[in-house]
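**Student:** Structure below; questions to follow.
The values are calculated or read from the model by the stated rules, or taken from the named source; none is laboratory data. Here the structure is a predicted model, which is why all the values come from computation and not from measurement. Using ideal geometry, Cβ is built from the backbone for each residue, glycine included, and neighbour counts are taken over all protein chains shown. Keep in mind that these areas ignore ligands, DNA and RNA; they rest on the heavy atoms of the full protein, side chains included. Shrake-Rupley method; radii C 1.70, N 1.55, O 1.52, S 1.80 Å.
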Amino acid sequence: MLRAALLGAAGSRTLQRFAHRHGMNLGARRFVAGETLDDFSAVARGLNERGLRVAAGLLGEDVRDARDARAAAQLFEGILERIAAERLQATVALKLTHLGLEADPQAAYENVRGVVERARELGNFVRLDMESSRYVDPTLHVYRRLRAAGYANVGAVLQSYLYRSQADLRGMLAFAPNLRLVKGAYLEPPAVAYRKKSDVDENFARLVELCLREGGFTAVATHDERLIERAIDFIRANRISADRYEFQMLYGVRPALQADLVRRGFPVRVAVPFGTQWYPYLMRRLAERPANVLFFASNMWRA
Ligand code: FDA
């Protein structure tokens with residue numbers, strides 16, 4: 001129930017305005033690098049120095065205005081240029097609704113194509129995050145269009161809570177996709193998504209194994225130690241080379257586990273979000289772990 005309430009609150013513009021008034025100081029900085037590109041760059045450099053790769057995520061979603069969507073695409077191109085100028089070990093991840101998918105899918109395609117083109121010129125990579133289930137078809141359509149247009153430096157995300165993800169993965173194997181596999185962070189109805197955690201976890205492991213065996217590149221994106229160890233066993237047993245996978249985790253979540261995997265010689269990328277539009281992202285992180293709500297409540301109490 002708490003999860004549903006928090007995910008419901010993620011869409012509230014009133015709560016968003018309230019959160020912004022009180023700034024990041026109540027605890028958002030635990031999960032968000034800051035509001036500026038300078039904040040991102042400082043955090044990314046620190047992670048790189050500790051052997052962790054980074055995925056830059058400028059926060060934003062559900063943009064309906066064409067000019068705002070275009071402006072967001074230009075900001076992503078600026079991030080790619082900054083990564084190149086500072087020689088950071090970092091790729092970029094974006095949400096298509098940030099680039100206007102809801103309002104105008106063709107314009108969103110042109111926006112993301114521009115970002116992926118700039119990334120290709122700079123030798124970099126762009127991942128299309130996956131949003132709620134109504135965006136899965138349009139997002140995978142854009143991904144396929146980009147691949148058909150010859151862009152190999154773009155990847156997608158599949159969510160193991162969705163029944164459809166096995167079929168989506170099988171449908172993509174022919175073109176050796178670069179996929180990030182996650183459990184899924186949105187509130188979905190039982191018509192489309194597994195309810196039981198054990199089903200979501202088992203589907204996650206099966207997607208990871210299929211993708212490792214037959215896909216191009218697999219990003220195993222979870223903080224779940226049991227599933228990470230199961231993936232490691234599979235990687236070892238099938239001699240999957242280290243250029244075909246990596247582990248991915250979120251900034252601020254289980255940093256000791258991230259460091260431990262690096263120490264053991266595994267490639268790890270940390271998704272580092274930044275920007276002023278941090279509220280919905282933060283609510284999804286709170287929904288994942290009730291203890292995070294207590295962390296925030298105690299900060300508010302102290303403030
Ligand atoms: P699970 O929720 O079972 O957690 C396992 C353990 O990890 C917990 O017991 C706890 O110790 C720790 N943990 C997990 N979340 C935590 C949190 N918020 N705070 C503190 N501890 C926490 N989703 C999506 O729908 N679309 C997307 O594009 C992405 N992208 C993405 C990128 C990356 C790099 C990651 C790691 C995750 C995503 N996600 C996502 C989010 C994903 O769907 C999922 O909600 C979270 O990863 C939490 O699930 P776990 O797999 O970590 O397992």
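**Student:** Among the residues of the stretch 124-134, what is the count of those that are of a type in the set (Lys, Arg) and surrounded by fewer than 22 Cβ atoms within 10 Å (Cβ to Cβ)? Outline the logic, then answer.
**Tutor:** Keep residues of the stretch 124-134 that are of a type in the set (Lys, Arg), which gives 127, 134.
Filter once more, keeping what is surrounded by fewer than 22 Cβ atoms within 10 Å (Cβ to Cβ): 134.
Of the residues in that region, 1 qualify.
**Student:** Looking at the stretch 149-166, is at least one residue open to solvent by 30 Å² or more (accessible area, probe 1.4 Å), within 14 Å of the ligand (Cβ to nearest atom) and not hydroxyl-bearing (Ser, Thr, Tyr)?
**Tutor:** Step one: filter the stretch 149-166 for residues open to solvent by 30 Å² or more (accessible area, probe 1.4 Å), giving 149-150, 152, 163-164, 166.
Remaining after also requiring within 14 Å of the ligand (Cβ to nearest atom): 164.
Applying the additional criterion that residues be not hydroxyl-bearing (Ser, Thr, Tyr) yields 164.
So far as the stretch 149-166 goes, yes, one or more of its residues are open to solvent by 30 Å² or more (accessible area, probe 1.4 Å), within 14 Å of the ligand (Cβ to nearest atom) and not hydroxyl-bearing (Ser, Thr, Tyr).
**Student:** Among the residues of the stretch 230-254, which ones are under 21 Å from the mean Cα position of the chain (by Cα) and of a type in the set (D, E, K, R)?
**Tutor:** Those that are under 21 Å from the mean Cα position of the chain (by Cα) and of a type in the set (D, E, K, R): Asp243, Arg244, Glu246, Arg254.
**Student:** OK, next. Taking the options Ser12, Ser41, name whichever one is among the hydroxyl-bearing types (Ser, Thr, Tyr) and either modelled with pLDDT under 95 or touching a helix residue (DSSP H, G or I) at 6+ places or on another chain (Cβ under 6 Å) (or both). Let's see the steps before the verdict.
**Tutor:** On the way: Ser41 fails: either modelled with pLDDT under 95 or touching a helix residue (DSSP H, G or I) at 6+ places or on another chain (Cβ under 6 Å) (or both).
Testing whether each residue is among the hydroxyl-bearing types (Ser, Thr, Tyr) and either modelled with pLDDT under 95 or touching a helix residue (DSSP H, G or I) at 6+ places or on another chain (Cβ under 6 Å) (or both) leaves just Ser12.
**Student:** Looking only at the stretch 39-52, which residues are open to solvent by 50 Å² or more (accessible area, probe 1.4 Å) and under 30 Å from Val293 (Cβ atoms)? Please lay out each step first, then the result.
**Tutor:** In the first step, residues of the stretch 39-52 are kept if they are open to solvent by 50 Å² or more (accessible area, probe 1.4 Å); the result is 42, 45, 49-50.
Once the filter is applied, which keeps residues that are open to solvent by 50 Å² or more (accessible area, probe 1.4 Å) and under 30 Å from Val293 (Cβ atoms), the stretch 39-52 yields Ala42, Arg50.
**Student:** When you check Asp137 against the structure, is it modelled with pLDDT of 95 or more, surrounded by fewer than 19 Cβ atoms within 10 Å (Cβ to Cβ) and among the charged types (D, E, K, R), yes or no? Walk me through how you get there before you give the answer.
**Tutor:** Numbers: modelled with pLDDT of 95 or more: yes; surrounded by fewer than 19 Cβ atoms within 10 Å (Cβ to Cβ): yes; among the charged types (D, E, K, R): yes.
Criteria met by Asp137.
For every residue, the table says whether it meets (1) at pLDDT 95 or above; (2) outside any helix (DSSP H, G or I); (3) open to solvent by 20 Å² or more (accessible area, probe 1.4 Å).
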| residue | (1), (2), (3) |
| --- | --- |
| Arg213 | yes, no, yes |
| Val220 | yes, yes, no |
| Asp233 | yes, no, yes |
| Arg236 | yes, no, yes |
| Arg239 | yes, yes, yes |
| Gly265 | yes, yes, yes |
| Ala291 | no, no, yes |
| Phe296 | no, no, yes |
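**Student:** Continuing with this model, one more query. Let me confirm something: among Phe204, Phe175, which residue is touching a Lys or Arg at 6+ places or on another chain (Cβ under 7 Å) and either among the basic types (Lys, Arg) or open to solvent by less than 20 Å² (accessible area, probe 1.4 Å) (or both)? Outline the logic, then answer.
**Tutor:** Details: Phe175 fails: either among the basic types (Lys, Arg) or open to solvent by less than 20 Å² (accessible area, probe 1.4 Å) (or both).
Among Phe204, Phe175, only Phe204 is touching a Lys or Arg at 6+ places or on another chain (Cβ under 7 Å) and either among the basic types (Lys, Arg) or open to solvent by less than 20 Å² (accessible area, probe 1.4 Å) (or both).
**Student:** Can you tell me which residue among Ala185, Ala193 is within 12 Å of the ligand (Cβ to nearest atom) and open to solvent by less than 10 Å² (accessible area, probe 1.4 Å)? Step through it out loud before you land on a result.
**Tutor:** Working: Ala185 fails: open to solvent by less than 10 Å² (accessible area, probe 1.4 Å).
Going through Ala185, Ala193 in turn, just one is within 12 Å of the ligand (Cβ to nearest atom) and open to solvent by less than 10 Å² (accessible area, probe 1.4 Å): Ala193.
**Student:** To continue, here is another question. If I ask for residues that are in contact with a His (Cβ under 6 Å, 6 or more places away or on another chain) and open to solvent by less than 10 Å² (accessible area, probe 1.4 Å), which ones from the stretch 61-81 would you list? Steps first, please.
**Tutor:** Our first condition is that a residue be in contact with a His (Cβ under 6 Å, 6 or more places away or on another chain); within the stretch 61-81, this holds for 61, 63, 72.
Result: Ala72, single match.
**Student:** So which of Pro255, Pro290, Pro267 ends up being farther than 27 Å from Glu49 by Cα and not hydrophobic (A, V, I, L, M, F, W, C)?
**Tutor:** Values: Pro255 fails: farther than 27 Å from Glu49 by Cα; Pro267 fails: farther than 27 Å from Glu49 by Cα.
None of the others qualify; the one that does is Pro290.
**Student:** Let me ask something else. When Val92 is evaluated against the numbered criteria (1) surrounded by 18 or more Cβ atoms within 10 Å (Cβ to Cβ); (2) not in a strand (DSSP E or B), which criterion, by number, is the only one it fails?
**Tutor:** Failing condition for Val92: (2).
**Student:** Another question, then. With the requirement that a residue be within 13 Å of the ligand (Cβ to nearest atom) and either among the polar types (S, T, N, Q) or touching a Leu at 6+ places or on another chain (Cβ under 7 Å) (or both), what does the stretch 196-218 give you? Walk me through it before giving the result.
**Tutor:** The first filter runs over the stretch 196-218 and keeps only residues within 13 Å of the ligand (Cβ to nearest atom), leaving 196-205, 207-208, 218.
Of everything in the stretch 196-218, those that are within 13 Å of the ligand (Cβ to nearest atom) and either among the polar types (S, T, N, Q) or touching a Leu at 6+ places or on another chain (Cβ under 7 Å) (or both) turn out to be Ser198, Asp201, Asn203, Phe204, Ala205, Leu207, Val208, Thr218.
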